[in-house]
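Input: a single structure, listed below in C-alpha cells.
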Amino acid sequence: MSASRNTRRIVAAVAASVALVGAAALPAAADGHHRDGNSRRSSIVIGKVQYDSPGRDDRSNRSLNAEWVEVKNTGRKAVNLRGFTLTDKQGNRYRFEGLRLDGRSSVKVHTGKGRDSSHDVYQDRRNYVWDSRDTATLRSDRGHVIDTRSWGKRGR
C-alpha cells in the first residue's frame, strides 16, 4: 500500500509542476501575440517603396510620380480602404477615398498629380514626400496602425 501511496504522490507532484510551468508560460506567449491589441492580422500591408525618383529630381510631375509607396492586399477578399491614411515621418498624410482593393492586388500611391484608378492613386503634391531615410505608416480608418516600413540609416 505504501508503494501505491508514494506513486500517487509522485504523479500528483509531477502533474502540479506541469500545470505551474504551463500557467507561467501562457501569459508570456499571449502577450507577445497581441502587441497591437488586435487578435487578427491585417491582410493590408505596405509593399515596395520607390523613395528616390529615378533621374533628376526636378520636381516635375513625371519625377514626382516616379516616387511611390505600394499598398498590398495579401488576402483573398476585397478590402475598402476608405479613410485609411498613409503618412511619412514628417507628418505628410494621404487619405484614401473610397478605394476598394481587390484580394491579392495592390495600389501604388504616387506623390504627384494624376487620375486615380484601381492600381494607381495620386497625392496631388508639388514636393517630394519620401526621403532616403523615412518611415511609411499605414493606419486604418479608426487610426490603428496597420503596417509600417522604414528604410535608410536610422537616426539623422
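A few points about this structure:
- Projected onto their three principal axes, the Cα atoms of the range 38-156 cover extents of 42, 35, 21 Å, largest first.
- Accessible-area composition of the range 66-148, carbon plus sulfur, in percent [1.4 Å probe]: 38 percent
- Per-residue 3J(HN,Hα) values for the range 119-127, derived from phi via the Karplus relation 6.51 cos²θ - 1.76 cosθ + 1.60 with θ = phi - 60°, read 10, 9, 10, 10, 7, 6, 9, 10, 10 Hz in sequence order (x marks Gly and Pro).
- Ordered from highest to lowest accessible area with the whole protein assembly present and a 1.4 Å probe, Arg133, Arg104, Arg59, Arg41 read as Arg41, Arg104, Arg59, Arg133.
- The overall shape of the range 39-104, judged from the alpha-carbon gyration tensor, is prolate: a/c is not under 1.5, and a/b is greater than b/c.
- Close amide H contacts of Ile146 (hydrogens built in the peptide plane, cut-off under 5 Å, sequence separation of 5 or more or a different chain): Leu138, Arg139, Ser140.
- Backbone amide hydrogens, once placed in the peptide plane, bring Lys89 within less than 5 Å of Thr135, excluding anything fewer than 5 places away on its chain.
- Efficiency of FRET between Trp151 and Asp120 - r from beta-carbon atoms, R0 30 angstrom, step 0.05: 0.90
The values are calculated or read from the model by the stated rules, or taken from the named source; none is laboratory data. Quantities reported herein were computed from a predicted structural model and do not represent experimental measurements. Here the Cβ is made from the backbone with ideal geometry for all residues, glycine too, and neighbour counts use every protein chain on show. The protein model used for the area step is the full one, side chains on, heavy atoms only, and it has no ligands, DNA or RNA in it. Shrake-Rupley method; radii C 1.70, N 1.55, O 1.52, S 1.80 Å.
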